[in-house]
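Throughout, read-outs are computed from the coordinates displayed, never taken from laboratory work. All of these numbers come straight from a predicted model, not from anything done at the bench. No Cβ is skipped: glycine too gets one built from the backbone with ideal geometry, and neighbour counts run over all protein chains shown.
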């Protein structure tokens, strides 16, 4: 199986052309082919959430998504979250302020999930934040600070 | 080279100094996705390796048919025990000289399921993965001993050095008015860092570059050098960021050797990423443990005797000891004590270190047992702990350096509202939820190894701190910037910290919760040396504005050099450097004793653990302490347990950065909640496999499992423990969490669960 296909992906507002086998996941396309390594591989099985990106504004697990599936759709990764001027997104600011990470490896996925969680209207209470952020595992145990950060960022974003 | 600078906004003016709540300075890189972890490098021509593991737990390989895999498009090499480049056995981490036999990272004889037996290297990850599935292995299988519950495993063998005894525990037990005896068990538990293990190996001639997450750059580099018979200096290991380790990224691994062999054989860089399921067998987690604890006491609950017999699983061919006597031997005063420990070989990967190895299961045993004794004699679980409080180390017979455990009990109980607890079991309830309060203490020793650091003052006034020590989230970057800023007298924003690179000054293992204390000590020493040289330059250089002053009269504040004779006049560090024509001031310092200031001892100090001091070496016994107060809610119909509230009071001595220390404490507590309620490697007794080797089946806590956690620091600076007064932080807080939860579950339900995790089928 070496048939390669040419894909045009809209990543962080830029069209990226890559030649890959059809079985390449969106996660590996981002990390290994586009060298956008902010999106992390934690399990490659859809269980940890480290690979969370936005496709048309909704959070998806890029390890369970083939790159070929998302042609023509808007993909946003952690590298594209800040505005063009380079200012941090309110969720990023809040993660820093509340120390909502330690090793930092699950963090891009947590942040992408948090942005979507707030946008979905699922940041109404601490319990709701906990529930809707539970698809993103953190082994360092930053959960209470993630809840604080999402709560505070939601206030800024509203 | 990764450089972390500190140009970021932060809160109040106290942030910069040691003890301030500065946000972590590696934070901006982590939240924007620019932090470069090991697997995120792209050397020219990089190939991809996929490891193939044994599917049996015991036996031997008869044949490996790799023809189909070799014919697969893109495949460069199928590595087997038969064609792998031979390498040598290396010195182990204790410094024991290696046997003169080859080291074979791919096995022919199988001793556990998941053992590496072959590897496929191909042009792309997808090709290597697909081709690996085509490799056919024929085995001769024998029946494995899957766990220490298999009767054929026997009792194992005694580890003499773990025996601790004083008084006559047997005789005292026989005559004690109150006697209880129970067995406590913990299952196999796994580190589960979210960044899976792996590496990129790249040879250029006889020089090897490794991008590999590492808790111990210098120790691992030594092993690679010895495997391939090249000088230590020829190995460059880079690990500026580590996606979690928890003990599992400190030692070299077999797949590391495989990747380096493949890269050498193919003469191109090789990336080898362990899959998530392989993280359960490519290295070991905490072994399964069992402890039988007998307590003898007066009718008032005063301990008369403790007898402790422990055992942990080890692998068939190696020795792994989880020191089960570590906490039970020091937590309470008892006139009679006996602890012995066996290890039991079974068909498993060699167990490894997982957050507080030894202390964690040891505390589960004694902290549950003392709770049982409290109920037996009818006194409060907190009171029995105070009644048996150890005023000095009962095992080493030395005074504690500091032991703020009494203060922790008081502060924690007050914040938690322990006094509101109804002492009767099953007495507190809201609707269908049984409510229970539980308490347990924990401790972790202060380990000490000399450190080393370079501090540079650059011509523009920037301060540079460099070490091969690492930051896997503990906050090393940040506290070292704070240490240097305070020692020299500059704003923390002017400090740049470089870590995680074997080309930098040496550091011992980031394990045993020792790194923060030893590195702040080394940086403090180097920074003061650099500062002294700067002051000397300012006084002595003919071009210095301060040339006519006497020594010791200049001060440095906020990056400005001040003369007390001329109030108000100040010159910046950069200006002094410019006027004196100096490009840099450089101070490389280590904290080795004078008699060990030679190359051989220096190398040994940083590449083995042989110089790590025990917590009782010297006049004092050095430990951190903590206590956890837990409220659980147990569904009366379904037996589901939730931790609804938790207060922990901890004594880690002086905190170099409370914001980051609190994060580490909470992280340990959360891992402890997982251990108490969720985590268990389930072994198939027929095939010796860990069946739940993924994150959907081996459950770690999610956000929804964790309530608000309150942590209270009760520590005071302890300069017996470390130069700047800190004690152990990272591994402390997990210790005691699981017994506190099990004790709370007993209070809620009246059911005593002595085998972790506390799952619903044990309650209904």
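Figures for the structure shown
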item: GNM flexibility winner over chain A from A:17, A:39, A:77 (Cα, springs under 10 Å); result: A:17
item: Added length on full extension, which subtracts the Cα-Cα distance from 0.36 nm per residue, residue B:143 to residue B:317; result: 61.0 nm
item: Computed P(r) (all Cα pairs; segment A:1-142; 10 Å bins; percent); result: 12, 43, 33, 11, 2
item: Sequence of B:166, B:203, B:625 once ranked by neighbouring C-beta atoms within 10 Å, starting from the fewest; result: B:166, B:203, B:625
item: For segment B:241-295 and segment B:66-80, distance of Cα centres in Å; result: 24 Å
item: Inter-label distance, nm, simple model (7 Å from Cα along the C-beta direction), residue B:85/residue B:206; result: 1.3 nm
item: Ellipsoid semi-axes in whole angstrom, largest first, where each is sqrt(5λ) of the Cα gyration tensor of chain B; result: 42, 38, 23
item: For q = 0.12 Å⁻¹, Debye-computed log10 I/I(0) when each Cα of segment A:5-80 counts as one equal scatterer; result: -0.25
item: Exposure proxy ranking, count of Cβ atoms within 10 Å, fewest first, for A:139, B:21; result: B:21, A:139
item: Gyration tensor over alpha-carbon atoms, the protein assembly as shown, equivalent ellipsoid semi-axes in Å; result: 40, 37, 30
item: Cα-based convex hull, segment B:450-558, per residue volume (Å³, whole number); result: 100 Å³
item: Gain in span if fully extended, residue B:391 to residue B:424, counting 0.36 nm per residue against the direct Cα distance; result: 8.9 nm
item: Percent RCO, i.e. relative contact order, over chain B, from Cα pairs under 8 Å lying at least 6 residues apart; result: 17 percent
item: Among beta bridges that DSSP assigns inside segment B:558-709, antiparallel share in %, nearest 5; result: 95 percent
item: Theoretical ellipticity at 222 nm over chain A - DSSP helices of four or more residues, -39500 (n - 2.57) apiece, nearest 500; result: -8000 deg cm²/dmol
item: Dimensions (Å) - segment B:182-267, Cα atoms, principal axes, largest first; result: 59, 24, 23
item: Efficiency of FRET from Cβ geometry, residue B:595 and residue B:761, R₀ 51 Å, rounded to 0.05; result: 0.30
item: Value of relative contact order over segment A:90-157, rounded to a whole percent, pairs C-alpha under 8 Å and six or more apart; result: 51 percent
item: Theoretical gain in end-to-end length, residue B:44 to residue B:298 [0.36 nm per residue, Cα-Cα removed]; result: 84.2 nm
item: Proxy reagent accessibility, fewest Cβ within 10 Å first, across B:424, B:633; result: B:424, B:633
item: Segment A:1-68 - percent relative contact order, Cα under 8 Å, separation 6 or more; result: 30 percent
item: Kirkwood Rh (inverse of mean 1/r, distinct Cα pairs), segment B:270-334, angstrom; result: 15.2 Å
item: Segment A:81-145: C-alpha gyration tensor shape, a/c 1.5 cut-off, then a/b vs b/c; result: oblate
